Amino acid sequence: MPQDAEQPFFQMSGVSKSYGGAIALDHAELTVRKGRIHAILGENGAGKSTLLKVMSGVVQPDEGRMQLDGREVSFGSPAEANAAGIVCVYQELSLIPDLSVADNIFASNPPRRFGMIDRRAQRRQAEEALARAGAADINPLAKVRDLPLSRQQMVELAKGLAHAPRILILDEATSALTAADVARVIEVLKRLREEGLALLFISHRMHEVKALADECTVYRNGRHVMSFEAGTRSDNEVVEMMIGRKYQHAFPAKPAANPADQPADGRAAAPVLACRDLTWSGTLQGISCSLKPGEILGLGGLDGQGQRELLLALFGVLRGCAGKIEIDGKAVSIGSPTAARANGIGMALIPEDRKTEGLMLPMSVRENLSFAALDRMSTAGIIDRARQQSLVDRMMELLAIKTFGIDAPVGSLSGGNQQKVVIAKWLIRQPRILLLSDPTRGIDVGTKQELYQLLRRLADEGAAIVFYSTDYDELIGCCDRVLVLYEGRIKKELVGSAITEQNLIASALDLPVGQISPSTGVAL
């Protein structure tokens, strides 16, 4: 650790920020040191992102002061903060899809020669930045749009490192990454710490915080709660600081019997959804499965094994799918999302990327909640404002959505409340079949708990749910059955007590169940 690691490199004191009547930061405090990884913890809406936006010049505080390396500073723009060495890597990508990786990394300050962009130097420097980010396998000449979301996030990290930061801020920057990429990023951040950088790290994944943090600071309702050395507080103590109440078990109780096996009128419940030999573009390889009312069916396996494509195929997004889809035992053609959500089918999809696939960020909370159900709010093509207000109010109350006002831009909400809006806009339609693609990515433990309770309540009321998650605990805690996919095929079906971390890992690696050590997670 550098000798000056114990000396504050950056300090924030008495910083407040309000939006209208809503207080985002209330006399916030923060101390950052060189050669240390500092985890910022709190629920969505606790003020974490606003704090980092003040640090990085995105927003200006109403009051308070900041000091960097002993000098008082204020930043009127991200460019000013970058010039001072403060760089933020956000969960929301700032990449331009139609440009190359190298062009994106150096979009604001490309290397020049004779007044022109030096393409050779730019490519070389992009390769260096990618290697420093642990992503040397990414081609700097590739178009960003051709990369999966997890690789785009690695480009975002490389872009941040290309600015030669003295303080590097990562705001949920690992939430879209695969397990392999997360492991690389952890090693990268440890190396940067040894180089003397000061690092701020926001994550709702407690295992990442444990693997990385030297120090933690908890915020709640815009106020500083406590700062402490990592490892000196238990997980439960940390969560209770974040939510301000005793932490209850996250997952609601499952039904005593598997809903898929419960009889109805003396007969086994018929599947509401079934697919037979579903195949698409080499990614889905003959998927056959079924889903019954009241059942939560999990999709597991390593990231990128066809889980997302299966959900998209069921929802009519993918073109050229072969195989058969049945609703209530009858073959149907689902050629578009419009067909999927029609009354005879009643399907809804909660996408993995709420920012680009689930919401219109500049538009209001009211408008976003209304998009999926305009036909239910309209008469002869004219919106019935009273009915719209009634439906919107009901969803706001049901999901406890916290906003700065129903007509505020949905982009002004915290990540957890944005995710609630995505879910609520579909619940207005009262779907019979709910498809969820990693819906808890980047949201806090309190909101996750509310979502788990909601899913079980919907299932108890008869909804059929397909739940893809990259979090083994969620599959274990929420699901009645889990289908583990491997290379586009269903490799294993786990039911009831067989849904364990050991079995999930073994199946995901295409190993026989029992070939993974339950204590280490390593193949035997």
### Query
Projected onto the charge dipole of the chain (+1 at Lys/Arg Cβ, -1 at Asp/Glu Cβ, origin at the Cα centre), which of 179, 275, 77 gives the Cα projection farthest towards the positive end?
275
### Query
Based only on Cα atoms, what Rg/Rh ratio does the chain have, Rh being taken as Kirkwood's radius?
0.97
### Vicinal HN-Hα couplings computed from phi for region 403-410 (Karplus, 6.51 cos²θ - 1.76 cosθ + 1.60; Hz; Gly/Pro x)
9, 8, x, 5, 9, 6, x, 5
### Query
When the C-alpha atoms of region 96-162 are aligned to their principal axes, what extent does each axis show, in angstrom, from largest down?
36, 24, 17
### Query
Measuring from a point 7 Å past the Cα of residue 400 along Cα-to-C-beta, which residues in region 207-230 have an amide N at less than 14 Å?
221
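D for region 1-97, whole µm²/s, Stokes-Einstein with Kirkwood Rh over alpha-carbon pairs at 37 °C and 0.692 mPa s: what number?
229
Holding the Cα-Cα limit at 21 Å, pick out from 355/491; 190/448; 190/210; 53/448; 355/448 the pairs that are longer than that.
Numbers: 355/491 32 Å; 190/448 29 Å; 190/210 13 Å; 53/448 24 Å; 355/448 18 Å.
Too far apart for the 21 Å limit: 355/491; 190/448; 53/448.
May I ask you to derive the relative contact order of region 96-162, considering only C-alpha pairs under 8 Å and at least 6 residues apart, and to give it as an integer percent?
44
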### Task
State, to one decimal in nm, how far the label point of residue 63 lies from the label point of residue 77, with both points 7 Å from Cα in the Cβ direction.
2.9
### Query
Excluding the sites themselves, what is the longest stretch of the chain that contains no GluC sites (Glu not before Pro) in a DSSP loop with at most 12 other C-beta atoms within 10 Å?
196-460
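Need one number: % antiparallel among DSSP beta bridges in region 349-471, to the nearest 5.
Once the DSSP bridges in region 349-471 are tallied, antiparallel ones form about 30 percent.
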### Query
Can you list residues whose amide H is under 5 Å from residue 9's amide H, if they're 5+ apart or on another chain and H is modeled 1.01 Å from N?
32, 33, 34
### For the chain, size of Cβ-based charge dipole, Lys and Arg +1, Asp and Glu -1, in debye
840
### Query
So which lysines can residue 330 reach, going by Cα to Cα under 19 Å and dropping same-chain residues fewer than 8 places off?
292
### Message
Relative contact order of region 377-524, please, whole-number percent, based on alpha carbon pairs below 8 angstrom and at least 6 residues apart.
### Response
13
#### Entry: Degrees between helix 445-460 axis and first principal axis of the chain (Cα, 0 to 90, nearest 10)
10
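With a 1.4 Å probe and every protein chain kept in, tell me what percent of the accessible surface of the chain is carbon plus sulfur.
For the chain, the apolar C and S fraction of the accessible surface comes to 50 percent.
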### Query
At each listed q (0.12, 0.19, 0.23, 0.24 Å⁻¹), what is the log10 of I(q)/I(0) that the Debye formula gives for region 354-430 modelled as equal alpha-carbon point scatterers?
-0.28, -0.70, -1.02, -1.10
## Note on the structure
Rounded to the nearest 10 Å², the accessible area of residue 492 using a 1.4 Å probe with every protein chain kept is 80
### Query
In Å², what does the accessible area per residue of the chain work out to with a 1.4 Å probe?
44
### DSSP beta bridge pairing in the chain, given as percent antiparallel to the nearest 5
60
### Task
Describe numerically, in nm with one decimal, the distance between label points set 7 Å from Cα along Cα→Cβ at residue 143 and at residue 342.
3.3
### Task
In whole Hz, with x marking every Gly and Pro, tabulate ³J(HN,Hα) for region 389-397 from phi via Karplus 6.51 cos²θ - 1.76 cosθ + 1.60, θ = phi - 60°.
4, 5, 5, 5, 4, 5, 5, 4, 6
### Task
Treating only the Cβ atoms of Lys and Arg (+1) and Asp and Glu (-1) as charged, compute the dipole magnitude of region 354-430 about its Cα centre; round to the nearest 20 debye.
140
## Note on the structure
Sorting 10, 114 on solvent-accessible surface, 1.4 Å probe, most exposed first, gives 114, 10
### Task
With θ set to phi - 60°, apply the Karplus curve 6.51 cos²θ - 1.76 cosθ + 1.60 along region 461-474 and write out the HN-Hα couplings as whole Hz, x wherever there is a Gly or Pro.
8, x, 5, 9, 10, 10, 10, 8, 9, 8, 9, 4, 4, 5
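The values are calculated or read from the model by the stated rules, or taken from the named source; none is laboratory data. Quick caveat: nothing in here was measured; it's all calculated off a predicted structure. Methodologically, a virtual Cβ is constructed for each residue, glycine included, from the backbone with ideal geometry; neighbour enumeration extends over all protein chains shown. To get the accessible areas, we keep the full protein, side chains included, count just its heavy atoms, and leave off ligands, DNA and RNA. Shrake-Rupley method; radii C 1.70, N 1.55, O 1.52, S 1.80 Å.
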